[in-house]
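Worksheet for the structure shown next.
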Amino acid sequence: MAPLAPRAPQPDDADPELAAIAKEISGCEKCGLCRTRTRTVPGQGNPRPEIMFIGEGPGTDEDRQGLAFIGRAGQLLTRMIAAMGFPREQVFIGNIVKCRPTIDNAGQKDRPPTPEEMTACIPYLHRQIAILKPKVIIALGATAVKGLFGESMTGITKLRGTWLSFDGIDVMPTFHPSYLLRQGGDSGGTNKAYWDVWGDCVAALKKIGREPPARKKI
Ligand code: URA
């Protein structure tokens, strides 16, 4: 395998507190995921964001590059962030767990993190949120909601679109971009789940006092 290129510099690297957490994460051995990871993925973006997106955990591409949401799901998320009127660097994108969970921990297919892995990792996210102080968090998918609010918070289909609160920060649960891809992605605009998520993003924009850009179903 080709040697790893250095992780691309990110806007939050300059924030000493966030950089210190990322450094701690890079040496973390709190769960078994440390044995199969290529790189840790602390999350990246604006150190003082209005909006923070939280996903599940890194996949193959993220594990190789040390950056959250850069694979197919990440590209869809990036298009959605652009449609909201932001460059990616203006928001912060992170995950519940910082190392890639794989089936049998053997570098095979991705899987959701176990409750034990989430419990081991979640203090890093809590510390990041306390520094980032986003106005709004968009929780992407069931694992993000469980990671923030506990294992009993199940049923993303019912939960999405309804405001929750984490440490005084408004949280909008919505579907994960990987689910949207399985439902048909955003090409053609006929995917109902995609427009549900767009509606949740519009609600988040309104919550922070921004005028949502007009968009039509194609
Ligand atoms: N899916 C996630 O939940 N997070 C990533 O960083 C990539 C894919």
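Against the conditions (1) under 14 Å from the mean Cα position of the chain (by Cα); (2) at negative phi, where does THR190 fall short? Just the number, please.
(1)
When you scan region 132-140, do you find a residue that is part of a helix (DSSP H, G or I) and open to solvent by 20 Å² or more (accessible area, probe 1.4 Å), even just one?
no
Residue-by-condition table, conditions (1) assigned to a helix (DSSP H, G or I); (2) open to solvent by less than 50 Å² (accessible area, probe 1.4 Å); (3) hydrophobic (A, V, I, L, M, F, W, C); (4) over 25 Å from LEU140 (Cβ atoms):
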position: PRO6; (1), (2), (3), (4): no, no, no, yes
position: ASP12; (1), (2), (3), (4): yes, yes, no, no
position: ILE21; (1), (2), (3), (4): yes, yes, yes, no
position: CYS34; (1), (2), (3), (4): yes, yes, yes, no
position: THR38; (1), (2), (3), (4): no, no, no, no
position: PRO42; (1), (2), (3), (4): no, yes, no, no
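Would you be able to tell me the number of residues in region 63-82 that are near the ligand (Cβ under 10 Å from one of its atoms), within 27 Å of GLY189 (Cα to Cα) and not aliphatic (A, V, I, L, M)?
Residues that pass the stated criteria total 4.
Given the structure, is ILE25 under 18 Å from LEU125 (Cβ atoms), in a strand (DSSP E or B) and either at pLDDT 95 or above or out of contact with any helix residue (DSSP H, G or I) (no Cβ under 6 Å at 6 or more places or on another chain) (or both)?
no
Could you pull out the residue among TYR179, TYR194 that is open to solvent by 30 Å² or more (accessible area, probe 1.4 Å), closer than 23 Å to GLY74 by Cα and in contact with a helix residue (DSSP H, G or I) (Cβ under 8 Å, 6 or more places away or on another chain)?
TYR179
Within region 1-56, how many residues turn out to be hydrophobic (A, V, I, L, M, F, W, C), more than 18 Å from ILE129 (Cβ to Cβ) and within 16 Å of the ligand (Cβ to nearest atom)?
Within region 1-56, residues that are hydrophobic (A, V, I, L, M, F, W, C), more than 18 Å from ILE129 (Cβ to Cβ) and within 16 Å of the ligand (Cβ to nearest atom) number 2.
Please verify whether GLY189 is surrounded by 14 or more Cβ atoms within 10 Å (Cβ to Cβ), of a type in the set (Gly, Ala, Ser), within 16 Å of the ligand (Cβ to nearest atom) and not in a helix (DSSP H, G or I), treating the condition exactly as stated.
Considered against the rule, which asks whether it is surrounded by 14 or more Cβ atoms within 10 Å (Cβ to Cβ), of a type in the set (Gly, Ala, Ser), within 16 Å of the ligand (Cβ to nearest atom) and not in a helix (DSSP H, G or I), GLY189 comes out as no.
How many of the residues making up region 68-95 are among the hydrophobic types (A, V, I, L, M, F, W, C), in a loop (DSSP other than H, G, I, E, B) and in contact (Cβ under 8 Å) with a residue 12 or more places away in the chain?
Counting residues in region 68-95 that are among the hydrophobic types (A, V, I, L, M, F, W, C), in a loop (DSSP other than H, G, I, E, B) and in contact (Cβ under 8 Å) with a residue 12 or more places away in the chain gives 5.
List the number of the failed condition for GLN108; all other conditions in (1) at pLDDT below 95; (2) in a loop (DSSP other than H, G, I, E, B); (3) at positive phi hold.
(3)
Looking at LYS98, LYS109, which is the one that is among the charged types (D, E, K, R) and either in contact (Cβ under 8 Å) with a residue 40 or more places away in the chain or crowded, with 24+ Cβ neighbours inside 10 Å (or both)?
Sole residue among the options that is among the charged types (D, E, K, R) and either in contact (Cβ under 8 Å) with a residue 40 or more places away in the chain or crowded, with 24+ Cβ neighbours inside 10 Å (or both): LYS98.
The values are calculated or read from the model by the stated rules, or taken from the named source; none is laboratory data. These figures come from a predicted structure and were not determined experimentally. Virtual Cβ from ideal backbone geometry, glycine too; neighbours counted across all protein chains shown. Just the protein is used for accessible areas: all its heavy atoms, side chains included, with ligands, DNA and RNA removed. Shrake-Rupley method; radii C 1.70, N 1.55, O 1.52, S 1.80 Å.
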